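First the structure, in the form of structure tokens, and then the observations on it.
The values are calculated or read from the model by the stated rules, or taken from the named source; none is laboratory data. These numbers were taken from a predicted model, which means no experiment stands behind them. Using ideal geometry, Cβ is built from the backbone for each residue, glycine included, and neighbour counts are taken over all protein chains shown. In case anyone asks, the SASA skips ligands and DNA or RNA and just uses the protein heavy atoms, side chains included. Shrake-Rupley method; radii C 1.70, N 1.55, O 1.52, S 1.80 Å.
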Amino acid sequence: MTQKISRVMTPAQWAMLVLLSLLWGGSFFFAGVAVREIPPVTVALARAGGAALILNLVLPLIGQRLPFTRAAWTAFAIMGVINNVVPFTLIFWAQGHLASGLASILNATTPLWGVALAHVFTADKITPRKAAGLLAGFCGVVVMMGGAAQGDLWAG
């Protein structure tokens, strides 16, 4: 089933984006609290394990099931380590060692770095439109920082 891509977001898509932002941002907030008492690997495992549990509950509701082939589970294991275990363990370790303001700013710049690194390492080059998006994203991070840049942003 293919879906036409529109350049204008519907109210439902905006609502989903806001919900995603709350879930994504909330998970980092709670992880920042958790790493004060729990090792980062455990926090990463709890985050990924909770998500896996929810996804496995949703699959039957949408008429899907997990594949049970060795190739699929090998791919799941490799991608799980590359996309979850390593990055989230490192992010949660960093949250235990950096001020929360700095951790938030670094996390907010992740998509900006993704675009910049894609320009260097892939055929997906930065166009004037993407450059404008990068600038807008950077300005958004600066605006969200507010007066924190003048205060104790770097303090633990």
Candidate values (1) 15.1; (2) 18.6; (3) 17.7, label of the one derived for Kirkwood radius over Cα pairs in Å: (2)
Cα Rg, Dmax (largest Cα-Cα span) when computed across segment 81-130, Å: 13.6, 38
Radius of gyration, Dmax [segment 28-89; alpha carbons; angstrom]: 13.8, 40
Estimated inter-spin distance, V33 and A51, nm [label 7 Å along Cα→Cβ]: 2.0
Those residues of segment 41-67 whose amide nitrogen sits under 15 Å from the label point placed on L90, 7 Å along Cα→Cβ: 41
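On a full-extension model of 0.36 nm per residue, what is the gain between F76 and L61, subtracting their alpha-carbon distance, rounded to one decimal in nm?
Taking 0.36 nm per residue and subtracting the Cα distance, the gain is 3.3 nm.
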Within the chain, helix-based [θ] at 222 nm, where runs of 4 or more DSSP H residues each add -39,500 (n - 2.57), nearest 500: -22500 deg cm²/dmol
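Just flag the chymotrypsin sites (Phe, Trp or Tyr not before Pro) in segment 1-76 sitting in loop per DSSP whose Cβ has no more than 12 other Cβ atoms within 10 Å. Kindly include the intermediate steps, with their values, before the conclusion.
On the way: sites: W14, W24, F28, F29, F30, F68, W73, F76; in loops: F68.
The qualifying sites are F68.
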Cβ-derived FRET efficiency at R0 25 Å, T109 paired with M9, nearest 0.05: 0.65
Given charges at beta-carbon only (K, R positive; D, E negative), |dipole| of the chain in Debye: 540
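In whole percent, how big is the carbon plus sulfur part of the accessible area of the chain, probe 1.4 Å, protein atoms only?
74
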